[in-house]
Amino acid sequence: MTVYVDDWRQPARVGRITGIWSHLTVGPHDDINELHAFAARIGLQRSWFQGKPGPLAHYDVTESKRRQAIAAGAEPITWREAGQQMLNARTAAREGHQP
């Protein structure tokens with residue numbers, strides 16, 4: 001399984017944290033529980049998970065957590081690549097394809 005972190009880098013204030021944000025996710029056919037385990041290893045809380053299991057499931061990560069995720073083995077991808085993964089997963093789900 002591969003964990004991905006994109007390069008979205010959106011400036012935003014989330015709660016009390018103002019930062020630059022990206023997305024931590026897995027491939028569309030990977031086990032979401034492995035994403036949760038990876039997120040926990042880099043100090044993310046499960047309650048920060050966004051989305052139902054599927055193509056939009058992700059954690060938002062600050063720039064420092066993005067760097068930490070890469071150091072822990074996440075594969076950096078562009079936000080365009082992340083978007084293409086989501087589109088491919090939606091198309092496969094709509095067409096009834098299974099991994």
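The values are calculated or read from the model by the stated rules, or taken from the named source; none is laboratory data. Nothing here was measured: the structure is a model prediction, and the numbers come from that model. Here the Cβ is made from the backbone with ideal geometry for all residues, glycine too, and neighbour counts use every protein chain on show. Heads up: the accessible areas ignore ligands, DNA and RNA and are worked out on the full protein's heavy atoms, side chains in. Shrake-Rupley method; radii C 1.70, N 1.55, O 1.52, S 1.80 Å.
Going by the structure shown, is residue 26 modelled with pLDDT under 95 and surrounded by 16 or more Cβ atoms within 10 Å (Cβ to Cβ)?
Answer is yes for this residue.
Please count how many residues of the range 35-80 are outside any loop (DSSP other than H, G, I, E, B) and not charged (D, E, K, R).
22
Can you find a residue in the range 1-15 that is in a strand (DSSP E or B), in contact with a strand residue (DSSP E or B) (Cβ under 6 Å, 6 or more places away or on another chain), within 28 Å of residue 96 (Cβ to Cβ) and aliphatic (A, V, I, L, M)?
Yes, some residue in the range 1-15 is in a strand (DSSP E or B), in contact with a strand residue (DSSP E or B) (Cβ under 6 Å, 6 or more places away or on another chain), within 28 Å of residue 96 (Cβ to Cβ) and aliphatic (A, V, I, L, M).
Is there a residue being surrounded by fewer than 12 Cβ atoms within 10 Å (Cβ to Cβ) and farther than 25 Å from residue 84 by Cα anywhere in the range 35-42?
yes
The rows are residues; the columns are (1) in a strand (DSSP E or B); (2) touching a residue at least 12 places away in the same chain (Cβ under 8 Å); (3) touching a Cys at 6+ places or on another chain (Cβ under 6 Å).
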{"site": "23", "(1), (2), (3)": "yes, yes, no"}
{"site": "29", "(1), (2), (3)": "no, yes, no"}
{"site": "33", "(1), (2), (3)": "no, no, no"}
{"site": "96", "(1), (2), (3)": "no, no, no"}
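Is it true that some residue in the range 75-97 is in contact with a helix residue (DSSP H, G or I) (Cβ under 6 Å, 6 or more places away or on another chain), open to solvent by 40 Å² or more (accessible area, probe 1.4 Å) and at pLDDT 90 or above?
yes
Of all residues in the range 2-20, how many are aromatic (Phe, Trp, Tyr) and either open to solvent by 70 Å² or more (accessible area, probe 1.4 Å) or more than 11 Å from the chain's Cα centre (by Cα) (or both)? Walk me through it before giving the result.
Let us first name the residues in the range 2-20 that are aromatic (Phe, Trp, Tyr), namely 4, 8.
With either open to solvent by 70 Å² or more (accessible area, probe 1.4 Å) or more than 11 Å from the chain's Cα centre (by Cα) (or both) added as a condition, the list becomes 8.
Selection size over the range 2-20: 1.
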